């Protein structure tokens with residue numbers, strides 16, 4: 001899907017559906033938070049959440065005391081909704097409206113987090129471009145947490161084809177990073193269905 005079509009699709013989704021009317025609705029992103037807590041990051045660690053526009057990770061990170069958070073999403077509407085939900089706290093977050101593959105980081109990150117954005121990339125060229133951006137944007141002691149649909153997960157999400165991954169696939173795809181931990185997760189949707197995810201936490205191979 002072309003970037004312009006992808007953006008139009010997500011702007012429409014976030015303009016027409018309520019927060020709890022999408023399959024990825026998750027008031028407490030427990031898996032991501034468990035990984036993050038294990039990393040023992042400093043509270044001023046530079047964290048970016050990819051595709052996190054209207055997710056609750058930013059809310060939870062703020063509650064935990066993290067002070068240097070960036071949220072990137074292709075949908076301006078998704079980010080607007082998150083800002084409205086956070087109220088005055090939103091001014092403490094950096095907001096970026098961009099397709100991740102058009103993103104040109106101007107700083108390095110101690111944590112790159114992506115729950116269910118990466119798997120929407122289906123072409124080898126854009127997948128490789130994503131991994132290059134993610135890897136190069138990490139600090140020397142940086143980490144990446146990637147969550148995708150597993151091999152037993154859905155083939156589509158929100159009507160769009162996705163790429164399924166198992167842990168071995170993610171290790172191969174993020175070959176410049178070293179796997180720390182992985183988990184197979186069952187996500188309960190608001191529609192009483194289950195979606196199977198693969199989560200992996202990586203670190204820079206040449207950590208200081």
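Just want the ordering: 93, 58, 22, from fewest to most Cβ atoms lying within 10 Å of their own Cβ.
Details: 93 22, 58 26, 22 17.
Final ranking by Cβ density, sparse to dense: 22, 93, 58.
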How many angstrom separate the Cα center of the range 136-156 from the Cα center of the range 10-48?
13 Å
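Which order do peptides 100-113, 61-74 fall in by mean Cβ count within 10 Å, highest first? It would help to have the intermediate numbers written out before the result.
Details: 100-113: 16.9, 61-74: 19.1.
Listed from highest to lowest mean packing, they are 61-74, 100-113.
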Residue of 158, 137, 150 that the Gaussian network model of the chain assigns the largest fluctuation, springs spanning Cα pairs under 10 Å:
158
How would the chain be classified by its alpha-carbon gyration tensor: rounded, prolate or oblate, with rounded meaning a/c under 1.5 and the a/b versus b/c comparison settling the rest?
rounded
At a threshold of 8 angstrom on Cα-Cα distance, excluding pairs fewer than six apart, so keeping six or more, what relative contact order does the chain reach in percent?
18 percent
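Please work out whether the range 54-125 counts as rounded, prolate or oblate from its C-alpha gyration tensor, where a ≥ b ≥ c are the square roots of the eigenvalues and a/c under 1.5 means rounded, while otherwise a/b larger than b/c means prolate and anything else oblate?
Numbers: a/c = 1.87, a/b = 1.54, b/c = 1.21.
Judged from the Cα gyration tensor, the range 54-125 comes out prolate (a/c at least 1.5, a/b above b/c).
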Grab the beta carbon distance between residue 156 and residue 30, set R0 = 30 Å, and tell me the FRET efficiency rounded to 0.05.
0.75
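Which of 201, 157 has the fewest other C-beta atoms within 10 Å, and how do the rest follow up to the most? Spell out each step's value before the answer.
Numbers: 201 25, 157 17.
Lowest count first: 157, 201.
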Looking at the chain only, what percent of DSSP beta bridges run antiparallel? Nearest 5 please.
50 percent
Extending each Cα 7 Å along its Cβ direction at residue 40 and residue 176, get the distance between those two points in nm, one decimal.
2.8 nm
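What is the fewest-to-most order of 130, 25 by other Cβ atoms lying within 10 Å of their Cβ? All intermediate terms of the calculation are to be shown ahead of the outcome.
Values: 130 21, 25 18.
Fewest-to-most Cβ neighbours within 10 Å comes out as 25, 130.
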Burial ranking of peptide ranges 115-125, 160-170, 81-91 (average Cβ count within 10 Å, highest at the top)
115-125, 160-170, 81-91
7 Å from Cα along Cα→Cβ at both residue 64 and residue 92: what's the point-to-point distance in nm?
1.5 nm
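Laboratory data are not the source of any read-out in this text; all were calculated from the coordinates shown. A quick note: this is a predicted structure, and the numbers were derived from the prediction, not measured. Please note: Cβ atoms are built from the backbone with ideal geometry, for glycine as well, and neighbour counts cover all protein chains shown.
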